[in-house]
Amino acid sequence: MDRHVLEDFPVDWQEDQYVSRREFVKFLTLASGGMALSSVGLAAWAKVPRHRRSFESKLVGTIHEIPIKGWKQFSYPRKEDACILVRTGEHSVVAFSRRCTHLSCPVGWQKEENRLYCPCHNGAFSIEDGHVLQGPPARPLPKIELSIIDGTIYAMGITNESL
């Protein structure tokens, strides 16, 4: 091989595959730092409050078909998204997603305790706003925004969405 070429590119081909400890630690530090920064970024993004999401309005039923302290299951916004509507008073109703925020088990209405209950891991949610009362769920239930027009109940959107 030409001596001039060796001086221009002085590569020791036998040690070309060798990675020094310093280079390896430098790579690990940069990779770990990148992962830590991305984790912090994702955690910060998860803490950003979710606002109301609007979907097409959907007829749920009439207020008079549900007895006071009674409940009804419906789907919103898609047919596979189960929700629960509870009539809390003469002219008042509330609705939430039936999917528990812990492991997505179905949530049911406990009339005696005046709460929504998840039997899978003993989780409970407030009927007023869906916040967690007990158990492992860390987030409130997504609330379905309702509108009542002449006794007819319409689902209008979702708040506290964790879906």
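The values are calculated or read from the model by the stated rules, or taken from the named source; none is laboratory data. This structure is a prediction, so every number in the text was calculated from the model and none was measured. Note: areas computed on protein heavy atoms with side chains; ligands, DNA, RNA excluded. Shrake-Rupley method; radii C 1.70, N 1.55, O 1.52, S 1.80 Å.
Out of (1) open to solvent by 20 Å² or more (accessible area, probe 1.4 Å); (2) over 24 Å from the mean Cα position of the chain (by Cα), what's the single condition that is false for Gly61?
The failed condition is (1).
How many of the residues in the range 129-149 are open to solvent by 20 Å² or more (accessible area, probe 1.4 Å), under 14 Å from the mean Cα position of the chain (by Cα) and closer than 15 Å to Phe74 by Cα?
1
Collect the residues in the range 95-128 that are among the aliphatic types (A, V, I, L, M) and open to solvent by 20 Å² or more (accessible area, probe 1.4 Å), keeping them in residue-number order. Talk me through it step by step, then tell me what you get.
Just the residues of the range 95-128 that are among the aliphatic types (A, V, I, L, M), to begin with: 95, 103, 107, 116, 124, 127.
Across the range 95-128, the qualifying residue is only Leu103.
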